[in-house]
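The values are calculated or read from the model by the stated rules, or taken from the named source; none is laboratory data. If you're wondering where the values come from, they're calculated on a predicted model, not measured in any experiment. With ideal geometry, Cβ positions are generated from the backbone for all residues, glycine too; neighbour counts draw on all protein chains shown.
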Amino acid sequence: MRLVQVEAPQGKAEAVAQVAFEVGIPRVTIQQQRIRKPYEASAMQEVVEVAVSTPVARAFVDAVTAAPFFNEQDYTVVVRNATSILSHQSLASITQPWAAPTSDVCEELWLFSHITFGFVGRMFIAALILAYGMVQNQLLTMLAGMFFMPFLPLLLALSFGACTGQWRLARQGLLALVVGVAVAMAGGALVALLAGPPLRYDQFSAPGTSFLISLVVGVAAGLATADDAGHREMIGLAATSQIAVLAVWFGLIAIFGLAPEESDVLLQRGATLALNVATIVGAAAITYLLIGMKGHSLRRPLARRAVAAE
């Protein structure tokens, strides 16, 4: 469920309201509000607000940003999550969770793709836990590390950015992914130095199996980001298992080393890591295209849009 607010210049609210009616919204609220900027006189603008289901919110936002009168200088679109909406609409219709506005997906992926101290810290701590679990071959410890390794949003940022033309997002996702893999390798190397050999975990999937798992994970992840219902954490764990285990393994092996007869294993697992990344990114990108995340409204500047959660 969403609350969508469109801030428009004075006299333009009726045009925005007409767009709402055209996408099936039966009622809108129009208010006047005063805006103030530094060193400028205050001015009045009109605000159109609707409380609707998630798919109707998506249709409304897409229609407004595609309208000929819309521009980033004069209009602002704010989308908020709504915990509940009590109105004349039936609960069956108002609680429809599919599909989220394209702008929601875009900005959520941007949120998780920034390389911050928190990002690096979470990734490093998770890598330490995962690496220790691999050294001791303790599945529960490995799962604990993988639960908060934020690899999936980075892969989806690549997918979404590529299929919607948001190339800055795609580049940011790729950069964050490279940093994340490097941090995971560093965590593995540190655990190897502290714990020492041997590395007891050896349950690696064959390349063909990894490809099939990554394919399914990519499709499921693309669907999940556009759906308000469901538990994305489980999909994130599945994606992380395809990336993080191999990344941490490289860090461990950098310290433990490999026997000469195992040199081909290094190339095979490096190729498997690249295959997993490419498969998840490609499958998610195709999924985004199929569900209509084409980004036409995103390529039209919407720089002052804000997506907030309440």
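Give the residues of the stretch 138-155 that are touching a helix residue (DSSP H, G or I) at 6+ places or on another chain (Cβ under 6 Å) and polar (S, T, N, Q), sorted by residue number.
Correct list: T141 only.
When you check T272 against the structure, is it among the hydroxyl-bearing types (S, T, Y), touching a residue at least 12 places away in the same chain (Cβ under 8 Å), surrounded by 12 or more Cβ atoms within 10 Å (Cβ to Cβ) and under 14 Å from P207 (Cα atoms), yes or no?
Numbers: among the hydroxyl-bearing types (S, T, Y): yes; touching a residue at least 12 places away in the same chain (Cβ under 8 Å): yes; surrounded by 12 or more Cβ atoms within 10 Å (Cβ to Cβ): yes; under 14 Å from P207 (Cα atoms): yes.
It is true that T272 is among the hydroxyl-bearing types (S, T, Y), touching a residue at least 12 places away in the same chain (Cβ under 8 Å), surrounded by 12 or more Cβ atoms within 10 Å (Cβ to Cβ) and under 14 Å from P207 (Cα atoms).
Those residues that are surrounded by 15 or more Cβ atoms within 10 Å (Cβ to Cβ) and free of Cβ contacts under 8 Å to residues at least 24 places away in the same chain, I need them from the stretch 139-160; list them, please. Show your work before the answer.
If we filter the stretch 139-160 for residues that are surrounded by 15 or more Cβ atoms within 10 Å (Cβ to Cβ), which is where we start, we get 141-160.
Matches in the stretch 139-160: T141, A144.
Has the stretch 232-247 got any residue that is free of Cβ contacts under 8 Å to residues at least 24 places away in the same chain, surrounded by fewer than 19 Cβ atoms within 10 Å (Cβ to Cβ) and not in a helix (DSSP H, G or I)?
Looking through the stretch 232-247, none of the residues is free of Cβ contacts under 8 Å to residues at least 24 places away in the same chain, surrounded by fewer than 19 Cβ atoms within 10 Å (Cβ to Cβ) and not in a helix (DSSP H, G or I).
Quick check on A239: is it under 17 Å from L139 (Cα atoms), assigned by TED's automatic domain parsing to the domain that holds L155 and not basic (K, R)?
Details: under 17 Å from L139 (Cα atoms): yes; assigned by TED's automatic domain parsing to the domain that holds L155: yes; not basic (K, R): yes.
Yes.
Name every residue in the stretch 65-113 that is crowded, with 16+ Cβ neighbours inside 10 Å, of a type in the set (A, V, I, L, M) and either assigned to a helix (DSSP H, G or I) or on the phi > 0 side of the Ramachandran plot (or both), in order of residue number.
Those that are crowded, with 16+ Cβ neighbours inside 10 Å, of a type in the set (A, V, I, L, M) and either assigned to a helix (DSSP H, G or I) or on the phi > 0 side of the Ramachandran plot (or both): I94, V105, L109.
If Q5 satisfies all but one of (1) crowded, with 16+ Cβ neighbours inside 10 Å; (2) on the phi > 0 side of the Ramachandran plot, what's the number of the condition it fails?
Looking at each condition in turn, Q5 falls short on (2).
Out of curiosity, is R200 of a type in the set (K, R), out of contact with any Leu (no Cβ under 8 Å at 6 or more places or on another chain), surrounded by fewer than 15 Cβ atoms within 10 Å (Cβ to Cβ) and at pLDDT below 90? Reasoning before the result, please.
On the way: of a type in the set (K, R): yes; out of contact with any Leu (no Cβ under 8 Å at 6 or more places or on another chain): yes; surrounded by fewer than 15 Cβ atoms within 10 Å (Cβ to Cβ): yes; at pLDDT below 90: no.
The answer is no for R200.
Which condition does I125 not pass, out of (1) at pLDDT 95 or above; (2) among the aliphatic types (A, V, I, L, M); (3) surrounded by 24 or more Cβ atoms within 10 Å (Cβ to Cβ), if it passes all the others?
In the conditions (1) at pLDDT 95 or above; (2) among the aliphatic types (A, V, I, L, M); (3) surrounded by 24 or more Cβ atoms within 10 Å (Cβ to Cβ), I125 misses (3) alone.
Which of the residues that make up the stretch 1-57 are assigned to a loop (DSSP other than H, G, I, E, B), in contact (Cβ under 8 Å) with a residue 40 or more places away in the chain and within 17 Å of Q73 (Cα to Cα)?
Answer for the stretch 1-57, where residues must be assigned to a loop (DSSP other than H, G, I, E, B), in contact (Cβ under 8 Å) with a residue 40 or more places away in the chain and within 17 Å of Q73 (Cα to Cα): just K12.
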